[in-house]
Amino acid sequence: MAELSEQQSAVDWVLSTTRTVRKRLDLTRPVEPQVILDCLRLAIQAPTGGNAQGWRWMVVTDPVKKAAIGEFYRSAGRKYFAAKADSKRGEQDLRVQDSAQYLMDVIERVPVLVIPCIKGRPANVEQSAAYFGSIHPAIWSFSLALRARGLGSAWTSFHLAHERETARLLGIPEGFTQAAMLPVAYTIGSDFKPAKRRPVEEITYWNHWDNTAAR
Ligand SMILES: Cc1cc2nc3c(=O)[nH]c(=O)nc-3n(C[C@H](O)[C@H](O)[C@H](O)COP(=O)(O)O)c2cc1C
């Protein structure tokens, strides 16, 4: 790799070490509202289709509401893992499952739950690319901004099985779709490592499908 400036190295560090954090979320350290706003201020620099910016960010800190969402999350998570119970899984899968089940157990104790919402609802696959493409980049930017400040999160979707009940609980109006839920906390330690991935050279094709010879 080419030599990087300090600034480039800092960006690469955040990009390569922003992991899904579950067991190392600090459940005891409060998260200041200001740090959430700072990260969301960066997140909304992300692009949106047609520059629509139809996002709203639901930040949940109320213990009673977090407990209710925690029940929705657990109930859907249990069904997900029950459905997978018979499938053959490798070591990494089992590690992820163990970590995901830990998060299910403690979800309401995570200091902040952030639910990104976006106006409308996609009618079909073609629309859904632009639709979710108008909130996912901002969600990821939010995760990166958290990482840069010593906080962590996990992109989760289990609670969406109870999207309506969650909307009722939080007063989210009809016409807005919940895209994910991010439990947010300071992390215990910050020595996260790049994940194992297939070499990029194997999955990048140049000028023709399957041609991995860079030109
Ligand atoms: C769209 C999406 C939905 C996910 N939903 C959940 C979830 O409901 N619960 C959970 O514990 N993790 C969830 N994850 C996290 C993945 O399991 C995680 O990315 C995977 O374990 C790889 O870890 P890494 O991001 O650190 O490489 C989700 C991730 C994505 C991108």
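The values are calculated or read from the model by the stated rules, or taken from the named source; none is laboratory data. Computed from a predicted structure; not experimentally measured. Virtual Cβ from ideal backbone geometry, glycine too; neighbours counted across all protein chains shown. Note: areas computed on protein heavy atoms with side chains; ligands, DNA, RNA excluded. Shrake-Rupley method; radii C 1.70, N 1.55, O 1.52, S 1.80 Å.
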Problem - Sites matching trypsin sites (Lys or Arg not before Pro) across the stretch 80-129 that sit in DSSP coil, with at most 11 neighbouring C-beta atoms within 10 Å - result: Lys88
Practice task
Run the quick spin-label model on Thr28 and Val125: label points 7 Å from Cα toward the beta carbon, then report their separation in nm to one decimal.
Solution key: 5.0 nm
Completion exercise
Tyr102 and Trp206 label points (each 7 Å along its Cα→Cβ direction) are spaced in nm at 4.2 nm
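Going down the list Lys65/Lys193; Lys23/Lys84; Lys23/Lys88, which pairs span over 28 Å between their C-alpha atoms?
Lys65/Lys193
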Handout entry: Per residue value of the accessible surface for the stretch 18-203 (all protein chains in place, 1.4 Å probe), Å²
Key = 56 Å²
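If a/c stays under 1.5 just call it rounded; otherwise compare a/b with b/c (prolate if a/b is bigger, oblate if not). Do that for the stretch 1-98, with a ≥ b ≥ c from the square roots of the Cα gyration tensor eigenvalues.
On the way: a/c = 1.77, a/b = 1.24, b/c = 1.43.
Oblate, because a/c is 1.5 or more while a/b does not exceed b/c.
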Exercise for the section: Compute the longest continuous run of the chain that contains no exposed GluC sites (Glu not before Pro); treat a site as exposed when its DSSP state is not H, G, I, E or B and it has at most 13 other Cβ atoms within 10 Å. Expected result: 4-173
Handout entry: Carbon/sulfur fraction of accessible area - the chain, other protein chains in place, 1.4 Å, %
Key = 55 percent
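First measure r as the distance between the Cβ atoms of Ala2 and Arg149, then evaluate 1/(1 + (r/R0)^6) with R0 = 30 Å and state the FRET efficiency to the nearest 0.05. Intermediate results must be reported in sequence, preceding the final value.
Details: r = 28 Å, r/R0 = 0.92.
Plugging the Cβ-Cβ distance into 1/(1 + (r/R0)^6) gives 0.60.
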